[in-house]
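What follows is a single structure, written as structure tokens, with notes after it.
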Amino acid sequence: MEHADDGQPFVTIPVGDSPDSRLFIELSSYGSDLADACHALDLAIRGLEEGSELADASRHLVGLAVVAYCRAVLPSNVRGRLTDHVDIPDELIDVHDRVKAYRNATVAHSQSELAVTYAVGVLDSDTLRVRDVTGATVLVPLPNRAVREFQALIDVMERRLDGVIEPVRHRLMKKLAEMERSRVEAAVRPDITEKWAHEFNPKTKRPRYPTGHTVYWDVAADDATDE
């Protein structure tokens, strides 16, 4: 049980493993993906404003939003799909399909004509003497209209997901309220393992009901300038 500091009005405890807690974790993880997509897209749209400091980042932020959204709607080895729980409105199915196709052919893989590379010779304008050969990549961003349609899709999916999560949340709250004080106080906190940055492992898989995670620390000496 995580005790609150003095003056704090609440404490936190893990909700025990159960079908409902696993469902709540899965649904909430979709919510995290949609929140990432929403935030990235909001910043991308701000970058479309004249003189915005985010202008150069807008295309990359749209790509980040696409990846985050598709994390929620494409299957993985540890969870299902958001669309197993939330229906896409009929009027936004084309937008949904377009985002997935853009992710597959352009953002995750360079296969479409939206990112095409040419072999270009650079010649002297007077003598036509060859000065260089360069690879010029033309990147075609998602049109502003498509970006705003994508934003509308995320907004609807977030609201529909909230409607699915709330009944599960209330069932878990009821279960916690019925627990004896001794069981509440005995609740085990997540097991946080600490490792150094050189041990960083990106290939781990989270369980359906996580009981802990690993944090990685950089060694300050690694960043220091040799004297």
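The values are calculated or read from the model by the stated rules, or taken from the named source; none is laboratory data. No experiment lies behind these values; they were computed from the predicted model shown. Note that each Cβ is placed from the backbone with ideal geometry, even for glycine, and that neighbours are counted across all protein chains shown. We work out accessible area using only protein heavy atoms, side chains counted, and drop any ligands, DNA or RNA first. Shrake-Rupley method; radii C 1.70, N 1.55, O 1.52, S 1.80 Å.
In nanometres, what is the gap between the two model label sites at Leu128 and Glu199, each 7 Å from Cα along Cα-to-Cβ?
6.5 nm
Which helices of the chain meet both criteria: a Cα extent of 27 Å or more along the helical axis and a mean Kyte-Doolittle score no lower than 0.0, with helices taken as whole DSSP H segments?
For the chain, where a helix must reach 27 Å along its axis and average at least 0.0, the hits are 19-46.
Determine how many Å³ per residue the convex hull of the Cα atoms of the chain encloses.
Convex hull of Cα atoms, per residue: 259 Å³.
Under a point spin-label approximation (7 Å from Cα along Cα-to-Cβ), what is the Asp97-Thr211 distance to one decimal in nm?
Distance between the two pseudo-spin positions: 4.5 nm.
With every protein chain present, what is the per residue accessible area of the chain (1.4 Å probe, Å²)?
Normalised by residue count, the accessible surface of the chain is 69 Å².
Could you tell me what percent of the accessible area of the stretch 15-75 is made up of carbon and sulfur, with a 1.4 Å probe and every protein chain present?
56 percent
Val78: net charge of surrounding residues, Cβ under 10 Å, Lys/Arg +1, Asp/Glu -1, itself excluded?
+3
Determine the shape class of the stretch 17-107: with a ≥ b ≥ c the square roots of the Cα gyration tensor eigenvalues, call it rounded for a/c under 1.5, and otherwise prolate if a/b is greater than b/c, oblate otherwise. Please report the intermediate quantities before stating the final value.
Values: a/c = 2.41, a/b = 1.81, b/c = 1.34.
Prolate is the answer for the stretch 17-107, as a/c is 1.5 or above and a/b outweighs b/c.
Which of the lysines could a cross-linker bridge to Lys195, judged by Cα under 27 Å and excluding same-chain residues fewer than eight apart?
Lys203, Lys205
How high is the FRET efficiency between Leu48 and Leu114 when r is their beta carbon distance and R₀ equals 22 Å, given to the nearest 0.05?
On the way: r = 18 Å, r/R0 = 0.81.
Approximately 0.80, to the nearest 0.05.
Describe numerically, in nm with one decimal, the distance between label points set 7 Å from Cα along Cα→Cβ at His60 and at Ala177.
Going from the His60 label point to the Ala177 one covers 4.8 nm.
I'd like the FRET efficiency for Val188 and Gln8, computed as 1/(1 + (r/R0)^6) with the beta carbon distance as r and R0 of 25 Å, rounded to 0.05.
Computed FRET efficiency for Val188 and Gln8 comes out at 0.75.
Please find the FRET efficiency linking Glu166 to Ser18, where r is the Cβ-Cβ separation and R0 is fixed at 22 Å, and quote it to the nearest 0.05.
Given R0 = 22 Å and the Cβ-Cβ separation, E is 0.80.
Indicate the gyration tensor shape class of the stretch 74-178 (rounded, prolate or oblate), computed on the Cα atoms with a ≥ b ≥ c the square roots of the eigenvalues: a/c under 1.5 is rounded; otherwise a/b larger than b/c is prolate and the rest oblate.
prolate
Kindly rank 167-173, 201-207, 133-139, 63-69 from highest to lowest mean number of other beta carbons found within 10 Å of each residue. Let's see the in-between values first.
Values: 167-173: 13.9, 201-207: 7.6, 133-139: 9.7, 63-69: 21.9.
Listed from highest to lowest mean packing, they are 63-69, 167-173, 133-139, 201-207.
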